[in-house]
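Have a look at the structure below before the remarks.
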Amino acid sequence: MQSNLNAAQQYKGRYDIMQNDKGQLLIIIDYHESAPYMPRLVHDGGTKALLYRNRDCAMTIDELQLEAAKALAAAEEVLIAEIQEDDVAREYKVPVRHVKSLAALTK
């Protein structure tokens, strides 16, 4: 049986993550042609997260710094900004889904 992540187009593009003084998180990623539809960010408290942008597009966020992983573990929502040619092309809020294990989702 194929998992949703394997069925989706996967990106391992660059990203930046920032936190403001209110604790809100912003994740900056490269622009994607397809529009987000019911996006969600899945995180298990570790150094990796999965951003499901839509049914056909998912992105792995690897190598989170310890501070970023802790902030993400406490977040209920993040703001995603998609950048195209140094401009914000699209931004949207994404709920964070906390799970016990990302590895169990991708089996």
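The values are calculated or read from the model by the stated rules, or taken from the named source; none is laboratory data. Computed from a predicted model, the values in this text were never measured in an experiment. Here the Cβ positions follow ideal geometry from the backbone for every residue, glycine too, while neighbour counts run over all protein chains shown. We work out accessible area using only protein heavy atoms, side chains counted, and drop any ligands, DNA or RNA first. Shrake-Rupley method; radii C 1.70, N 1.55, O 1.52, S 1.80 Å.
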Next item on the list: Subtract the Cα-Cα distance of ALA81 and ASP62 from 0.36 nm times their separation in residues, and report this length gain in nm to one decimal.
Entry: 5.1 nm
Item checked: Packing-based ranking, highest mean first, of 93-103, 36-46 given that Cβ atoms within 10 Å are counted -> 36-46, 93-103
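What percentage of the solvent-accessible surface of the stretch 34-73, computed with a 1.4 Å probe over protein heavy atoms, is contributed by carbon and sulfur atoms?
On the way: 1050 of 2050 Å².
After summing per-atom areas, the C and S share lands at 51 percent.
Before I look further, what does the chain give for accessible area per residue, probe 1.4 Å, in whole square angstrom?
65
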Item checked: Candidate aspartates and glutamates for bridging to LYS22, where Cα separation is under 20 Å - those fewer than 8 sequence places away on the same chain excluded -> GLU67, GLU76, GLU77, GLU91
Checklist line | Probe 1.4 Å - accessible area at GLU76, Å² to nearest ten | finding: 150
